[in-house]
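Take a look at the structure set out below.
Every number in this text was worked out from the coordinates using simple rules, so none of it is lab data. As the structure is a prediction and not an experimental result, all values here were calculated from the model. With ideal geometry, Cβ positions are generated from the backbone for all residues, glycine too; neighbour counts draw on all protein chains shown.
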2 protein chains.
Amino acid sequence: MNFEIKYKDAMGRIGILKTPHGNVKTPALMPVIHPGKQTIDVKKYGAEIVITNAYIIYKNEELKEKALKDGVHALINFDGPIVTDSGSFQLSEYGDIDVTNREIIEFQEKIGTDIGTSLDIPTPPYVKRERAEKELEITLERAEEALDARENLLLNSVVQGSTFPDLRAKCAEIIGKMDFDVYPIGAVVPLLENYKYKDVVDIVMASVEKLPPSRPRHLMGAGHPMVFALAVAMGCDLFDSAAYILYAQDDRFMMPDGTYKLQNLSYMPCSCDICQNYTPNDLKSMKKDQRMKLIAQHNLHVSFAEIRKIKQAIIEGSLLELVEQRCRVHPYLLDALRNLKKYIKLMEGSDPAYKKSAFFYSGPESLNRPEIFRHQKRMERLPKKDKLILLDSFKKPYSKNIHNFLTNFGREKKYDLEKLGSFYRIKNHAKNIEIENNLNKEDSLQIAVADVPFGVIPLEIDEVYPLAQNEAPASLDEDSKIFVMNSIKKYIENFKEVIISEDVIKKFDLDLTFENYDISSLKLDFDDKQKIKYTADYQFGKGAGNALFKGNIRIEKSRKTGKIRHVYDDDLIATLRASDGIFVLSMNGAKRLHNYLEYPKNRVVVNSDAEPFAREGKSIFAKFVIDIDMNIRANEEVLIVNQNDDLLAFGRSILNGREIKDFNVGQAVKTRKGDK
Amino acid sequence: MNFEIKYKDAMGRIGILKTPHGNVKTPALMPVIHPGKQTIDVKKYGAEIVITNAYIIYKNEELKEKALKDGVHALINFDGPIVTDSGSFQLSEYGDIDVTNREIIEFQEKIGTDIGTSLDIPTPPYVKRERAEKELEITLERAEEALDARENLLLNSVVQGSTFPDLRAKCAEIIGKMDFDVYPIGAVVPLLENYKYKDVVDIVMASVEKLPPSRPRHLMGAGHPMVFALAVAMGCDLFDSAAYILYAQDDRFMMPDGTYKLQNLSYMPCSCDICQNYTPNDLKSMKKDQRMKLIAQHNLHVSFAEIRKIKQAIIEGSLLELVEQRCRVHPYLLDALRNLKKYIKLMEGSDPAYKKSAFFYSGPESLNRPEIFRHQKRMERLPKKDKLILLDSFKKPYSKNIHNFLTNFGREKKYDLEKLGSFYRIKNHAKNIEIENNLNKEDSLQIAVADVPFGVIPLEIDEVYPLAQNEAPASLDEDSKIFVMNSIKKYIENFKEVIISEDVIKKFDLDLTFENYDISSLKLDFDDKQKIKYTADYQFGKGAGNALFKGNIRIEKSRKTGKIRHVYDDDLIATLRASDGIFVLSMNGAKRLHNYLEYPKNRVVVNSDAEPFAREGKSIFAKFVIDIDMNIRANEEVLIVNQNDDLLAFGRSILNGREIKDFNVGQAVKTRKGDK
């Protein structure tokens, strides 16, 4: 088996799954093909891979004979990759089936299936724990047996465990360590049918956390486009859909925003050619068979369009925005979305550090996005000072616009801070909180703004992604007020003296005790050296700024935009990328960072085979990586070293630490430059 | 001119606009046709009406000659209704044009335009008030002149007034009283282009409030499907789009969730046949002209699909849910959505009282829906009691499920209230609030639940739409907590003694002082007579229940569902409709209600011509209505009377009071039964 990740966003990925019958781009929807009855050519609608049922073939003499003779691809007339299910579904429906696990594995191998499935026990939701545990034991035994029985067949191994997240996690951990090719997450259909999306989140997250990132995960039986975006954002790569035809049989139109019954439709629901060329009345007056086929085509159109939309969102880095839109179409999906909050740490770890698209706030749930969690964590990397002055938000980037506002676009020399309104000092602040004593404090002033949705943002880092690259409504919801208030309360504990603008106090209902403060005695200082040091700390870790930018620092700015572009000592140290305000190192800078950061921080360690390639500036493949800083996120600037921690090169991580460690194929780091 | 409303939701409507060249179903998108250059047959994509520019025709000798000879329909090769713009756009772009208002009106009449436009002054946003006022004067003069100049031409009169809502309102009020056929709202394009959607809301709402409901409104220059749903929900009926072609020229794909540039697309964005049959790379490798035509087709496909989706939502009663989805795609649209809150009273007045679809909560903004505002108002119609016990929410309908829970599905006889958890009494409650003394109180117990999103719901009305027909997530956002808390605080002021379940206190952070309370002394009472009286009060007004259901009341329940179906004295008084829990009267019931409610409450007053038809049970047309209770909402059960307030019939209102008064065509009331 061979699976590679090309793009990532949240926990979602665009991958390439290689099979004996060709490659599949994931996320992929696999239409369910009935081996005896299929009439719709699903390839036409975008299907690259399909799924059919080996047990049905096995049980039908005619189908079985043809499959054994000509192969399953000829049987269902599909020349791309085919997955077969094993009969577990029939087992769950009818309680018993007459084939053994070993028999069905061998049969799948004989008929030339690309990816086969063992006969696991699909334990339904909400059963007693005892039953779930007992059945899980059987599922695990059969997984081992399946590995033993297969020769070259690629194999699914299904995560079971009913609605017990710990059992799902246990199952995922055990089978995840075995040599399977795809990991389906099973027995969620009853939950999906009953809108128990929140429980699906718990199951998928418990499973995905323990599954190896290097294998695709298949959310079994999920075929409604309403849930695709959410499932992909949780790390699912494959879906199967009998729904397109089952819904059509029932005169139901699937849409990413729900299901529409033909009888309730006065207007066709989408822009597909069926909806464009027929009216609901046209369909109502047709014969059932003809109508069903047309509705099935609509269902396929919208399902594959949704898969395309999800892929586009992953590439843009806007997948969670799509999820937030989709999850508002039903209150139970909104519950599922809100339930993601529990897994923010897991999701943040998987989410790329820098993205192409701006962060759009769509409601309180946006406060649970990885970018915001990450900002709160990275704030701890910044230097501490004595005194804080907290300003209301401005047009972004804040410092530039505050500067312009205060100096009347440069026409005045002095910063008249009273222009920013009234300010108040927190009364008895130092007495009320414990200030860390061992901080490397300078007796100086920190200026920051308070804004939705990121909370407190020190002005020095106001151009770093996504602190400048975000939009939120001017009118605030209560959750965002509370979030910013808490962010302020946490941040001010680092300071001896805190002065806050009246606008901030009012906007976020700050319930502290204040006293008057005369702001005119304070001087704002927009210091470029501070800015580059803070930015480096925020990006690489505490102290990185001082380590990188020591010596006779010279800052070069863009003539056009006035933004910092390059930082030199004698040679170039780093370049601040205009699009997202982060530093891209030079070899000189990489060396300084390498000197400063303790092993294994920010390192990708490659074996001796890869060393010469790395030094030549060639990209690093995952299989050569022998150790890595597990805190590395995708899209970060990283150091490439050998086992002795000699710096070989530096580059941009394509995957995160956990993924790079787990993968054996595909690129791990796009090397920028090697040290020959 | 002739405009009729067929369906309503929020302030949106599905209407039929009759023109010399045929009928148009609104909301309608009018593609802009360039009189000299059009190459796409827009009819194929769903266009029923188009717009072109009379000034461009007037200024081009060749076009002018052909238009005067063969008519504008032949000129642009479109046989449906054509709207022409007057050159105002050119005026705003180039500052001056060489045609007078009278000339351009007469020209439009001569070339056979269906709906012409006067030469108004499109004052841009954010100008000085003085300029806006001065230009508005000219616009108003030209409106009068246009009426004078036209013979049979139907006429637009454009609402101007820049970004001054009061000037927009003034303009709308003045021209609204004049005999125009369509009311465009003008000069919003710069706002739309700069994402100032919030200001568009203020302008449209100020205009629509004063415009006659009986005429269609056209949001001029709005051609992006992203804003259609919001604009329709504010009462706009017509859109025009040059955007489909302008965006295509710029390689931009329009979608209801935003704009996608071809250069950034890796996957095609929708399910239309262009997106299904081409890849972004296919398009990138085409010649500009060919590509542009395909993208324009995509743009038309999605624009007309969005119009269909909006119409479907109006029929279902889910338009605001669609708006809430659409407005989450950009934070500035979310600001616009939140800005609707200011206009809740206006919107509630237009919103139908009962709808087909359930109420789905999609976020804090759903708290500003008319249904919730209306519930708070209608709560004032209910009887007051001494003591309140407030329960946590249950599965809906609440009373049935609480009953089942407490009696273990009827297997136990006694209500053991302790099963519902701990209860607390508000300390010194009566002392802390002012109880109304003159209330008709019974010394008895009111039981209610507190739930998101409707707040407090007395159990007697728990099956009335939408109190049973709604879904919200179990996990609460802060806005909904505060909303329910405030709803509780307001409601408890009606009671001398208030007992609240611990679950409610915790869930909604109730910051009151409580004391222990032993709930076992209280007895729940699920009294059907109370239920029907409360329901009637809630539906028809304070006291209506006692008036309707006096005498020897007999309640008949459905054998299957156990729900109340019919209420008799000797004869049938009313039937409780199962789908939405509201009363449909019998003639007997209508007479009782008519006796009780003071004129003009709940009345539609028809002239003597209509009296015999009404008595025969024929539906009431708006033109026969001479007076009406302005508080009537669409879909309410109403009384039909003559000028002497003799009851003639009763039925269901199709429009609201203001609309019925204003319209001269179309049905106003579906009569259920007449009194022969």
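So here's what we get for this one:
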read-out	value
Zone of B:K563's modelled label, taken as backbone nitrogen in the stretch B:461-494 under 13 Å from a point 7 Å along Cα→Cβ	B:462-470
Cα-based helix-to-principal-axis angle, A:101-110 vs chain A, degrees rounded to 10	90
Gain in span if fully extended, B:A430 to B:N631, counting 0.36 nm per residue against the direct Cα distance	68.9 nm
Long pairs among B:K550/B:K601; A:K43/B:K261; B:K356/B:K395, criterion Cα-Cα beyond 22 Å	A:K43/B:K261
Dipole in debye (nearest 20) - the protein assembly as shown, about Cα centre, beta carbon charges: Lys, Arg +1; Asp, Glu -1	300
Packing rank of B:581-593, A:578-590, A:127-139, where each peptide gets the mean count of other beta carbons within 10 Å, highest leading	B:581-593, A:578-590, A:127-139
Diffusion constant of the stretch B:65-138 at 20 °C, which comes from Stokes-Einstein with the Kirkwood Cα-pair radius and 1.002 mPa s, µm²/s	156
Spatial separation of Cα centroids for the stretch B:281-351 and the stretch A:13-84, in angstrom	38
Antiparallel bridge percentage (DSSP; both residues within chain B; nearest 5)	60
Chain A: angle of helix A:587-596 to the longest principal axis, Cα-based, in degrees nearest 10	80
GluC sites (Glu not before Pro) restricted to the stretch A:601-676 and DSSP loop, no more than 14 other C-beta within 10 Å	A:E616
Average other protein chain Cβ within 10 Å of Cβ, residues A:303-313	4
Paramagnetic reach from A:D282 (point 7 Å along Cα→Cβ, amide N under 15 Å) across the stretch B:47-70	B:47
Cα shape, the stretch A:348-469, gyration tensor, a/c 1.5 rule	oblate
Within 10 Å of each Cβ in A:261-270, the average number of Cβ atoms from other chains	5
Tilt relative to chain B, helix B:165-176 - C-alpha long axis, 0 to 90 degrees, to 10	80
Loop sites in the stretch A:142-250: trypsin sites (Lys or Arg not before Pro), DSSP, at most 11 other Cβ within 10 Å	A:K177
Cα-based convex hull, chain B, per residue volume (Å³, whole number)	188
Inter-part distance where the stretch A:237-270 and the stretch A:145-221 are each reduced to a Cα centre, Å	27
Nonlocal amide H pairs with B:A668, under 5 Å, H built at 1.01 Å	B:I620, B:F621, B:A622
Span per principal axis, largest first, for the Cα atoms of the stretch A:218-272 (Å)	37, 19, 16
Ascending list, in nanometres, of distances separating the A:R652 label from those of the other copies (7 Å, Cα toward Cβ)	6.0
Within chain B: Cβ-based charge dipole about Cα centre, in debye rounded to nearest 20 (Lys, Arg +1; Asp, Glu -1)	2100
The protein assembly as shown: C-alpha gyration tensor shape, a/c 1.5 cut-off, then a/b vs b/c	rounded
Inter-copy spacing of A:E616 label points, which lie 7 Å from Cα along Cα→Cβ, given in nm from shortest upward	9.7
Förster radius 41 Å - calculated FRET efficiency between B:Y126 and B:S444 (Cβ-Cβ, nearest 0.05)	0.10
Shielding score for A:329-338, defined as the mean number of other chain Cβ atoms within 10 Å	6
Exam field: A:K506 pseudo-label spacings to other copies (7 Å along Cα-Cβ), nanometres	3.8
The protein assembly as shown - share of DSSP beta bridges that are antiparallel (%, nearest 5)	60
Per-residue ³J(HN,Hα) for the stretch A:392-401, Karplus 6.51 cos²θ - 1.76 cosθ + 1.60, θ = phi - 60°, Hz, x for Gly and Pro	6, 5, 10, 3, 8, x, 4, 4, 4, 6
Backbone N within the stretch A:574-606 under 18 Å of label point (7 Å from A:K670 Cα along the Cβ vector)	A:575-587, A:604
Neighbour-limited loop hits for trypsin sites (Lys or Arg not before Pro), the stretch A:366-396 (at most 13 other Cβ within 10 Å; DSSP other than H, G, I, E, B)	A:K395
